[in-house]
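The values are calculated or read from the model by the stated rules, or taken from the named source; none is laboratory data. Here the structure is a predicted model, which means the values were calculated and not measured. Counting neighbours? That spans all protein chains shown, and the Cβs are built from the backbone with ideal geometry, glycine included. Accessible surface areas use protein heavy atoms only, side chains included; no ligands, DNA or RNA. Shrake-Rupley method; radii C 1.70, N 1.55, O 1.52, S 1.80 Å.
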Amino acid sequence: MIQFAQVSKRYPNGQDALRNVDLEIASGEMAFLTGHSGAGKSTMLKLICLMERATSGQVIINGKNLNKVKRRKIPAVRRDIGMIFQDHRLLFDRSVFDNVALPLMIAGYDHREIGRRVRAALDKVGLLSKEKNTPIMLSGGEQQRVGIARAVVNKPPLLLADEPTGNLDPELSAEIMKLFEQFNQVGVSLLIASHDLSLLAKMHYRTLVMKEGRLVQDQTDQMFEDEALKVDTMSETSDHE
Amino acid sequence: MNSDSNSGASLNQGASVKNKLKMLLRLHKLEAKRGINEILDNPFSNFMTVLVIAIALALPAGLQILLDNGKSLSQSWDGASRISLYLKLDLEATQIEQVTSQVRQNLAIESVELIMPAQALNDFAERSGFADAISELDSNPLPATLIVQPKSTHSSPQASEILLAEFKQLEGVEKVQLDLDWVRKLYALLQLAEKAASALGLALGLAVLLIVGNTIRLSVQNRREEIEVVKLVGATDAFIRRPFLYTGFWYGFFAGTLCWIILEASLIWLQQPVANLAGLYQSEYSVNGLNLSQSAKLLLFSCGLGLLGSWLSVGRHIRQIEPR
Ligand SMILES: Nc1ncnc2c1ncn2[C@@H]1O[C@H](COP(=O)(O)OP(=O)(O)O)[C@@H](O)[C@H]1O
Ligand SMILES: [Mg+2]
């Protein structure tokens, strides 16, 4: 589903955000991406949904080499990826329903089909009763669930989430994670960036640890060295290289 | 996810073509409405924009209306192309008759009036108040005069010129003069003014494009965040462009309507003074406003300008916004 081959990303200001990253995530897999702030987690996700382009190397999503995707074709790539953000990125001048309906409107679905799918997605995240509200009337956790409903309403094969629980308390975070597990159970691939170690420790999924733009650990299955990770993620960056 | 997605991992094919078309229609309706709301949501500043566009349209359109009126006026003026033929002083009455009948035979002529020297002198004495002095004269210094009215089909400046040359050739004619030569000059002036009006129209049309383009640019920038989000969930530029194009269209529509109202109101306001003026010339001339097809053209043109202005602006500015 996701393939990185020797991917590097240098931002125009000279900042190296990714350095020679190799990675493969299979279809139907759920994986976490962790590491200190500035390690390159968001950059990784941005390369996948073409918000940024790799400076070198290949990013292949669903068999499609993103280097070869022209500007005009970017929307088509994004329609197959559901994205979830820490700040939700909802439209506050529209109802919850309209927010969730957006990807379907863009894809040109018939309005009855839109109604059906939007309600199914809202039902899934437990917000069916709030479809007429605007996002402003909702709590942070509810807003995040609207964002999730919008990401899955189009049934994309891949979900990306960047710090989806960043602003939520542990209980709400656990709820969100449970939702992700449910999507994964019906075959959706997920890549979730998070620096919330306590949350990851409970989850037992594949965990990719990044440090200064490199992939330093790929913990398939089971517990990773708690102490080692703590040192990795807490220690400030700087010095060498 | 739902049970009907067998794996959840299949690529999205979107909807069928027929459904897509239906959805597109609905979208257009929705976005036309949203485009109007965009304008109605901010009535004051948008009214100013519409007013500016309307005035920019009304200036050349109003000028064009006045020119059209001036043209039809100068063409319809009966006296405009009257030609006076002054005959030689020493002609006998029979010779005068001969010239008159020669002129009368010209097919381009509507009517000929003969004023004999004696009558001319009488008229002059009456009008000038020099009756006493004139009665002292032992011979009449005035020639016989033919007042020729060409047919309306031969009253254009060029046709008059030809007639003038023909009459000059006639034996017994001393001098030929086109009355109200100023009409010809007016006509030429009108043609010049028409060119100026076209140039003004072009310049103001360009200004309208800039105004609409700039307004749309601001509205794109105001909705930057929304555009980023919509791009993130896979919207094409065309999808994002649409509501802005509608907004531009509505600017044109409202401005065109307002322009029409401004023009009609000005014409009504001009009606009375023009009637008074025409009364002085024993004419029943009244100003012609916009007829139905001209009104439709005005509205169409203005909608087109609005659409074009936003189209020129929106693509460029949407392209510059990329989600972060
Ligand atoms: N748009 C950008 N321009 C320049 N540097 C950036 C940009 N985005 C991120 N960076 C830098 O790239 C590095 C990785 O950032 P990011 O991927 O956001 O890390 P993370 O999400 O793991 O915190 C950081 O040093 C950050 O400062
Ligand atoms: Mg980040």
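Run down A:MET44, A:MET83 and say which single residue is within 28 Å of A:LEU138 (Cβ to Cβ), among the hydrophobic types (A, V, I, L, M, F, W, C) and either open to solvent by less than 40 Å² (accessible area, probe 1.4 Å) or more than 14 Å from ligand 1 (Cβ to nearest atom) (or both). Walk me through how you get there before you give the answer.
Working: A:MET44 fails: within 28 Å of A:LEU138 (Cβ to Cβ).
Testing whether each residue is within 28 Å of A:LEU138 (Cβ to Cβ), among the hydrophobic types (A, V, I, L, M, F, W, C) and either open to solvent by less than 40 Å² (accessible area, probe 1.4 Å) or more than 14 Å from ligand 1 (Cβ to nearest atom) (or both) leaves just A:MET83.
Please enumerate the residues belonging to segment B:200-225 that are within 14 Å of another protein chain (Cβ to nearest Cβ) and buried (at least 18 other Cβ atoms within 10 Å of the Cβ).
Of all residues in segment B:200-225, those within 14 Å of another protein chain (Cβ to nearest Cβ) come to B:219, B:222-225.
Matches in segment B:200-225: B:SER219, B:ARG223.
Quick check, is B:GLN294 within 14 Å of chain A (Cβ to nearest Cβ), open to solvent by 20 Å² or more (accessible area, probe 1.4 Å) and not aromatic (Phe, Trp, Tyr)? I'd like the intermediate steps shown before the answer.
On the way: within 14 Å of chain A (Cβ to nearest Cβ): no; open to solvent by 20 Å² or more (accessible area, probe 1.4 Å): yes; not aromatic (Phe, Trp, Tyr): yes.
When the stated conditions are applied, B:GLN294 does not pass them.
For the condition among the hydrophobic types (A, V, I, L, M, F, W, C), away from ligand 1 (no atom under 16 Å from the Cβ) and open to solvent by 40 Å² or more (accessible area, probe 1.4 Å), what is the one hit in A:LEU128, A:LEU159, A:LEU138?
Details: A:LEU159 fails: open to solvent by 40 Å² or more (accessible area, probe 1.4 Å); A:LEU138 fails: open to solvent by 40 Å² or more (accessible area, probe 1.4 Å).
Unique residue meeting the criteria: A:LEU128.
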Set B:GLY35, B:GLY14: member being within 14 Å of chain A (Cβ to nearest Cβ), at pLDDT below 85 and surrounded by 15 or more Cβ atoms within 10 Å (Cβ to Cβ): B:GLY14
Could you run through segment A:19-61 and say how many residues are within 14 Å of another protein chain (Cβ to nearest Cβ), within 16 Å of ligand 2 (Cβ to nearest atom), in contact with a helix residue (DSSP H, G or I) (Cβ under 7 Å, 6 or more places away or on another chain) and not acidic (Asp, Glu)? 1
Pairs with Cβ under 6 Å, 6+ apart, first in segment A:37-57 and on the phi > 0 side of the Ramachandran plot, second among the small types (Gly, Ala, Ser) and within 13 Å of ligand 2 (Cβ to nearest atom): A:GLY40/A:ALA17; A:GLY40/A:GLY213
Restricted to segment B:231-252, and to residues that are open to solvent by 20 Å² or more (accessible area, probe 1.4 Å) and among the aromatic types (Phe, Trp, Tyr), which residue is farthest from the other protein chains (Cβ to nearest Cβ)? B:PHE249
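Tally time: how many residues in segment B:306-324 are open to solvent by 20 Å² or more (accessible area, probe 1.4 Å) and within 14 Å of B:GLY256 (Cβ to Cβ)?
Keep residues of segment B:306-324 that are open to solvent by 20 Å² or more (accessible area, probe 1.4 Å), which gives B:307-308, B:311-312, B:316-317, B:319-320, B:322, B:324.
Still in the list and also within 14 Å of B:GLY256 (Cβ to Cβ): B:307-308.
Residues in segment B:306-324 being open to solvent by 20 Å² or more (accessible area, probe 1.4 Å) and within 14 Å of B:GLY256 (Cβ to Cβ): 2 in total.
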Return the only residue of B:GLN95, B:GLN75 being at pLDDT 85 or above and away from every other protein chain (no Cβ under 14 Å). B:GLN95
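Answer yes if at least one residue in segment A:109-122 is in contact with a His (Cβ under 9 Å, 6 or more places away or on another chain) and within 11 Å of chain B (Cβ to nearest Cβ), and no otherwise.
Pass one, segment A:109-122, residues in contact with a His (Cβ under 9 Å, 6 or more places away or on another chain): none.
Looking through segment A:109-122, none of the residues is in contact with a His (Cβ under 9 Å, 6 or more places away or on another chain) and within 11 Å of chain B (Cβ to nearest Cβ).
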Flagged pairs (Cβ under 6 angstrom, 6 or more apart or on separate chains; first in segment A:77-89, within 9 Å of another protein chain (Cβ to nearest Cβ); second open to solvent by 20 Å² or more (accessible area, probe 1.4 Å) and more than 16 Å from ligand 2 (Cβ to nearest atom)) are A:ARG79/B:ASN12; A:ASP80/B:LEU11; A:ASP80/B:ASN12
